[in-house]
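The values are calculated or read from the model by the stated rules, or taken from the named source; none is laboratory data. Here the structure is a predicted model, which means the values were calculated and not measured. Neighbour counts run over all protein chains shown; Cβ positions are idealised from the backbone, glycine included. Surface areas here come from the heavy atoms of the whole protein model, side chains and all, with no ligands, DNA or RNA. Shrake-Rupley method; radii C 1.70, N 1.55, O 1.52, S 1.80 Å.
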Amino acid sequence: HVMDGAYGKGGYSAKYEDDAELLSELGIFRGSNLGFELERVPTRQEALIMLIRLLGHEEEALLSYLPHPFEDVPKWASPYVGYAYYHGITKGVSESRFDPHSPVTAAEYLTFVLRALGYESGEGGDFAWDAPYALAHSVGIMPAGVNTREFLRADMAVVSYAALGANLKDTTSTLAHRLVHNRAADGTLLGEF
């Protein structure tokens with residue numbers, strides 16, 4: 001499943017920067033004073049927050065402040081993790097740990113996105129959480145160039161951008177349609193989807 005990544009001796013693809021830029025316009029992908037930091041490995045916390053923004057539920061998450069059982073989540077990130085836990089997007093790494101600062105793997109982020117599209121992992125589900133690649137490829141959220149071995153913020157941006165055009169499970173409605181419906185973004189920016 002390992003593909004050539006965006007980064008290598010020749011630098012990275014402009015497409016990754018373009019995808020990050022569009023996601024930024026939609027309020028989904030935010031950089032820091034260091035920019036988008038596309039060459040950095042994302043943390044589990046960053047990945048989860050980006051996913052909640054992709055769903056258009058950031059405001060709802062911040063207002064609802066749902067509880068979660070994890071003892072290792074910073075207070076400021078708690079609303080995001082609580083929202084994701086309540087809605088079954090994350091189960092943590094154990095009953096009491098979310099492991100927010102660890103690097104997120106390609107498998108973990110693809111699992112987050114597949115769950116957001118309505119697919120279920122685990123016994124009797126649509127895929128195994130540690131083997132989401134076949135399903136991710138078939139639903140169109142794993143474009144060529146995504147590096148599954150060294151998953152960077154650039155790869156997270158490209159997967160997220162592709163997810164906007166992916167259909168929710170058993171529907172012809174896309175994640176972009178849901179995002180617009182949730183009034184989290186200006187629909188004109190998503191016209192191509």
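Close amide H partners of THR43, meaning residues 5 or more places away or on another chain with modelled amide H under 5 Å apart, are VAL104. Couplings 3J(HN,Hα) of the stretch 42-50, computed from phi: x, 8, 4, 5, 4, 5, 5, 5, 4 Hz, in residue order, whole Hz [Karplus 6.51 cos²θ - 1.76 cosθ + 1.60, θ = phi - 60°; x for Gly and Pro]. Rounded to the nearest percent, how much of the accessible area of the stretch 84-177 (1.4 Å probe, protein heavy atoms only) is carbon and sulfur? Here it works out to 48 percent. If only the Cβ of Lys and Arg carry +1 and only the Cβ of Asp and Glu carry -1, the dipole of the stretch 58-169 around its Cα centre is close to 180 debye. Per-residue surface analysis assigns ARG97 an accessible area of about 110 Å², computed on protein heavy atoms at 1.4 Å probe radius.
Based on the inverse mean of 1/r over its pairs of different Cα atoms, what is the Kirkwood hydrodynamic radius of the stretch 45-193, in Å?
Working: mean 1/r = 0.0640 Å⁻¹.
One over the average 1/r among Cα pairs gives 15.6 Å for the stretch 45-193.
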